[in-house]
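The values are calculated or read from the model by the stated rules, or taken from the named source; none is laboratory data. In this text, all values refer to a predicted model and were calculated from it rather than measured experimentally. Backbone-built Cβ (ideal geometry, glycine too); neighbour counts: all protein chains shown. All accessible areas refer to the heavy atoms of the entire protein, side chains included, with ligands and DNA or RNA removed. Shrake-Rupley method; radii C 1.70, N 1.55, O 1.52, S 1.80 Å.
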Amino acid sequence: MADGVALERDLRLIGTRVIRHDARDKVVAATAYAGDWAMPGMLHAVVVRSPYASARIRALDTKRAAAMPGVATIMIASDVPRNTLWTDIPGQTTEVGPLRARLHVLAEDRIRHQGEPIALVAAETEGQARDAAEAVVVEYEPLPGVFDPAAALAPDAPRVHDEGNLLAHWRVSRGDVAAGFARADVVVEGEYVTQHVDSAYLEPESGVAWIDSDGVVTIRLSTQVIEHFRDVAEVLALPQNRVRIIGTYLGGGFGGKEDVTVEVYLGLLAWQTKRPVKMVWSRQESLLSRAKRHPYRMRYRTGALRTGEIVAQEVELLGDSGGYAYLSALVLLYSTVTASGPYRLPAASVDARVAYTNNPPTSAMRGFGAMQVVFGYESQMDRVARGLGMSPLEVRRINALRRGDALPVGQVMETHVAVPELIDRAWSALGEPTPPRAPHVKVGRGIACNLQPYGRIVWLHDWSSAWVGFEMDGSLVVRSGAPDVGGGQASSLCQIAAEVLGVPIEQVSVHIADSALTPLAGTTTASRQLYMSGNAVLKASRELREQLLAAAARMLDVDAASVDMIDNTVRAGDGRSLTLVELLRGCARMGVPRSHLGVYHAPAGEPVDLEKGSGKVFPDYTFGCHAAEVEVDVETGRVTVLKLAAAHDVGRAINPQSVEGQIQGGAVQGLGYALMEEVVLDQGINLTTSFASYLIPSAGDVPDVDPLVVESGEGLGPFGARGIGEPPIAPPAAAVANAIEDATGVRITRLPITPERVARALGLVEE
Amino acid sequence: MRVSLHINRRARAVDVEPSSTLLDVLRDTLGIFDVKEGCGEGVCGACTVLLDGRPVSSCLVLAPTAAHRAIVTVRGLEDDGELHPLQQAFLRHGAVQCGFCTPGMLLTGLAFIERHPGADREALRHAIEGNLCRCTGYAKILDALEDYARESKRG
Amino acid sequence: MHAFDYVAPRSLDEALGVLAEHGEEAKVLAGGQSLIPLLNYRLAKPRVVVDINGLPLDGLSVAKGRLRLGALTRHAALEESLELARYCPVLREAAALIGNVRVRTLGTLGGSLTYADPAGELPMVMLALDAELAIAGHAGRRTVAAGDFFTGPLTTALAADELLIGVEIPMTRDMGGAVEEVSRRAGDFAIVAATALVRVDRRGRVDDARLAFAGVGPKPVRIAAAEELLVGSEPTSDRIAEAADAARAAVAPEADAFVSAAYRRLLVGVLARRALARAAARALAVH
């Protein structure tokens, strides 16, 4: 089912550069994003947040604020029916044990991070809401805080939560690591530090809520997870079928809209006031309060033989969860499983911990823990190569996983692992070396490979559903709960349905992301949507096709196996035909349904005890290799990336233009991580709450990324596709660091690689 | 106060608070959602409009100061329902993903190419440095702009 | 943003009258590129905003060996000016580095100078050019040398009831100039910026040298020690290197959360050398 369609003809649409229907709307600004929505009588809402990172609320007075002009309501914790939010793995109902985390909707008495929400204000205008928010009086008692995970794990550290600051601890162990190191010819060690970064989507968190005529709390918002309607229902103590989330086309998600953002607040305020309510976060508020990517401190020790073969690796990871857990335990699990990279290791151990601090909370972000560790393992691979006097490409080729090899956690690679081809493609795409353009500039090259899981953890029993149906005139409707974050998720579903049902793609209309009206499809995260919802649409389309062709066979009085539907026509082997419309009319007469609901269940597995057990954790992985050529100004430390070639095995490119776009966009986001993005904190206070201080790459900062699409065909997604949303973001940082070492001989082990960091490594800075 | 705004070749008289920005008036008063708020400080470019032919951040223009000046937003590019060739180029080259930066990119690119027909890729790259995009990595946007710049020199 | 009264005076006297009446509670609106972000973020809450865009304060003229620029001259106009390309290319080079294209469409010379960002390009260039700033107030007009105008971070010698109406720059026609800067991202604020201007006589010896920096302290600075070192000799790379060392020794940069003082000092030396080398090359090309 998950492999290529067995159609008796060549594919017409899959693999073609389809112009996406949503792109047409977007070039004329016709797309109604979540903030582009107004309802009669709509109120505007803002959140009152703590300026302190660690404090107790001594007093809270909303009287003066509530009396201000235009204020409709002010809500605090005691006004919330059930003030607890569970960050369950979104959309799942399976027991997930320690991966379940809790936080308050509004703070009750304890503040654990700057920006923690305390009150909600709704007023006639946004200006009035902000004026009233400023008039809410909160008396704080600042408390000692802890701002570094290592310090948080010290015995006398201030407790962020009563149960202690260690949130999660995962271990993987395989083989005899000590024996491995003992026989190694070379042992290299490194400590790598990565930073907090922000999703920094262009569209801030936004939404509008209202109560519709059925009493259903309806929230139209920018989200990667419409299943949060359940969270809103729980908080409001309403039945889950009385809350509806309509997911709009997002102006970017990147994991930052995976947790709840504005929906619970909007639901509360709409429910309280019985009026429509709008909330749009400013950029400042988004940068201040939205969860960040986990920073890690990583220690790697790698042992290799003279032949280049790695014989042992020991990894320690320490992550920062900030004030609340959110998805930290799961992110850490991804890091633990992928910490050794796409390599065959006879002996490996990983010891990974994540601790609470009073820093901003950290949660999902593109790459989800499998990203940060690439900086660790790919820096190590180059160190091993230098230690052995071998080519960095060769060391990777020698150690790359192959079909039948296992990761340290025991998961066996069931498909071809294209790492050697990806290395060759990426490296040769760099072409002729660029000569240094001036005496103060050095040029170097480096590569980095990665593996990124796609699809959810197998014991979460992931599934997705989709409905496909013909109207009487032959136009096709696809309904899927899948949110579209901008990566063409919705368009791919149209492409798949049109392919199977033999209609032009312009004839397909798709409705997505409505928890009341579209079959649920799970989250647009984990690079899972093409895999899961693509397969759901594929399944629904195939099953519908079978139904319709059986009816056509009856109408034409031929064997069902001899009919096919293509280009709005049903053709029999003997040359006779029916138009699609005639077929559909015939189906109506015969009582044959013209639509079908398909449910795709991902192959499930048993939970794996990472430490003692061994087995499959993720359905599959996408492999990649990036090659970078950089120029280093050896007087100022400034790094310019001249070329970046990014190769990924995508299994099959459903829409090659979309795949290239994902690779280019992800890689540039990765370059931002590598060179300039950093949430700067001072005792938990965020100093980078504007786009003037939190820097994301502009067109002038990055080269054109050369996207190299390899299609080995063995993905679990429709037509053999693999997930490509996340993989491209991870390799650039290591590729750039490796290129800098090639150019200058210095190794940067801390991100971002700012000019000052390079200048210091070069010994240029005198105190 | 009453202000006359000329938007996409049409004069509109609106009542505005002096403390509202052109962005606010376009979106909240006139329902023109072509302009987006991405940062509130003129860095991201999502709110770009052309003011007398030049790109400005509508989030940094107080509504009264926009009176009597020619304002162009993306919906002003279409001609009788036909997409502008630059819009078509964006579609052809896959230059649109989430689309939030797209209106700003189109207007900025268009204004630049009108002043510099046949501009090369590096000049175009520099021209859109002030428009942030988080999805595309800029390459396909530059492909579209380069294509249109070439066309515009011929035509 | 918080509500305010809006006034768009038609004459300079009218504008000055409003400022005299409201003092600190009034904010002047020119290009808006620095003021309106503060209003959007509710960091500034003026009672009155005085829109001076209707005043006749733009324009560029050259007379009697001096270049006059109105305070409302937009950065884009500086960037595109053919007269500036001829008479003062270094100012054009600096204007092209300011912000992004949208900032340059509306942002003004006067706005930049009165905002006095310690990392700003235009305050630094005015210092290097020995510009004189023309100020109008209720009490009359006065002129302040650039060196006296910038008094601290985001602070100037301008009183609350005064307006900057223009600048006057002594011509630097035979001087070669260059602006160098390092920023963390294309179009971002400079970490450190340098402006160098050099003139050589017919024997190839420097007879006028200017070296100014932004981003090295609370206000832009001129490095007299470096300038004195250069005058009287040929601008060889050794001489330039000595001048760069003098600049490094003369500055007292401060650290912030993003960049250390020591790194700024490093950049001073490197950018001094590069700016002086380019300026000298251009100066030599004049002959």
Inset, instruction - Looking only at region A:554-577, count how many residues are over 45 Å from the mean Cα position of the chain (by Cα) and open to solvent by less than 20 Å² (accessible area, probe 1.4 Å). - result: 2
Inset, instruction - Would you check if B:Phe100 is assigned to a helix (DSSP H, G or I), of a type in the set (A, V, I, L, M, F, W, C) and facing another protein chain (nearest Cβ under 7 Å)? - result: no
Legend entry - Hey, A:Leu517 farther than 29 Å from A:Ile663 by Cβ and either outside any loop (DSSP other than H, G, I, E, B) or out of contact with any Asp or Glu (no Cβ under 8 Å at 6 or more places or on another chain) (or both) or not: yes
Inset, instruction - Kindly establish whether C:Ala244 is open to solvent by less than 70 Å² (accessible area, probe 1.4 Å) and within 26 Å of C:Ile98 (Cβ to Cβ). - result: yes
Legend entry - Meets criteria (buried (at least 24 other Cβ atoms within 10 Å of the Cβ), in contact (Cβ under 8 Å) with a residue 24 or more places away in the chain and not in a loop (DSSP other than H, G, I, E, B)) for B:Cys133: no
Legend entry - Counted residues, region B:107-151 - those being acidic (Asp, Glu) and within 12 Å of another protein chain (Cβ to nearest Cβ): 4
Legend entry - Selection status of C:Gly187, assigned by TED's automatic domain parsing to the domain that holds C:Gly232, touching a residue at least 40 places away in the same chain (Cβ under 8 Å) and not in a strand (DSSP E or B): yes
Inset, instruction - State yes or no: is C:Leu55 more than 10 Å from every other protein chain (Cβ to nearest Cβ) and either of a type outside the set (Phe, Trp, Tyr) or open to solvent by 50 Å² or more (accessible area, probe 1.4 Å) (or both)? - result: yes
Inset, instruction - Answer yes or no as to whether A:Gln495 is of a type outside the set (Gly, Ala, Ser), open to solvent by 30 Å² or more (accessible area, probe 1.4 Å) and over 27 Å from A:Arg230 (Cα atoms). - result: no
Legend entry - Top-ranked residue in region A:20-72 [being part of a loop (DSSP other than H, G, I, E, B), without any contact (Cβ under 8 Å) to a residue 12 or more places away in the chain and facing chain B (nearest Cβ under 8 Å); ranked as nearest to A:Asp109 (Cα to Cα)]: A:Asp36
Inset, instruction - Specify the residue that is surrounded by the most Cβ atoms within 10 Å (Cβ to Cβ); the eligible residues are those in region A:584-598 that are out of contact with any strand residue (DSSP E or B) (no Cβ under 7 Å at 6 or more places or on another chain) and of a type outside the set (Val, Ile, Thr). - result: A:Cys587
Inset, instruction - Pick out the one residue from C:Ala20, C:Ala85 that is touching a His at 6+ places or on another chain (Cβ under 8 Å) and assigned to a helix (DSSP H, G or I). - result: C:Ala20
Legend entry - Matching entry among C:Leu16, C:Leu12, C:Leu67 (being more than 19 Å from C:Val103 (Cβ to Cβ) and assigned by TED's automatic domain parsing to the domain that holds C:Leu154): C:Leu67
Legend entry - Condition met for C:Ala44 (outside the structural domain of C:Glu132 (by TED's automatic domain parsing), open to solvent by less than 50 Å² (accessible area, probe 1.4 Å), outside any strand (DSSP E or B) and of a type in the set (A, V, I, L, M, F, W, C)): yes
Inset, instruction - Might you check whether a residue that is in contact (Cβ under 8 Å) with a residue 12 or more places away in the chain, open to solvent by less than 10 Å² (accessible area, probe 1.4 Å) and assigned to a helix (DSSP H, G or I) occurs anywhere in region A:349-362? - result: no
Inset, instruction - For region A:167-206, name all the residues that are within 31 Å of the chain's Cα centre (by Cα) and at positive phi. - result: A:Ala200
Inset, instruction - Please state which of the following conditions C:Arg74 fails to meet, knowing it meets all the rest: (1) touching a strand residue (DSSP E or B) at 6+ places or on another chain (Cβ under 9 Å); (2) farther than 16 Å from C:Thr105 by Cα; (3) within 12 Å of chain B (Cβ to nearest Cβ); (4) charged (D, E, K, R). - result: (2)
Legend entry - All positions within region A:178-195 that are under 20 Å from A:Leu318 (Cα atoms) and either open to solvent by 50 Å² or more (accessible area, probe 1.4 Å) or free of Cβ contacts under 8 Å to residues at least 40 places away in the same chain (or both): A:Glu189, A:Glu191
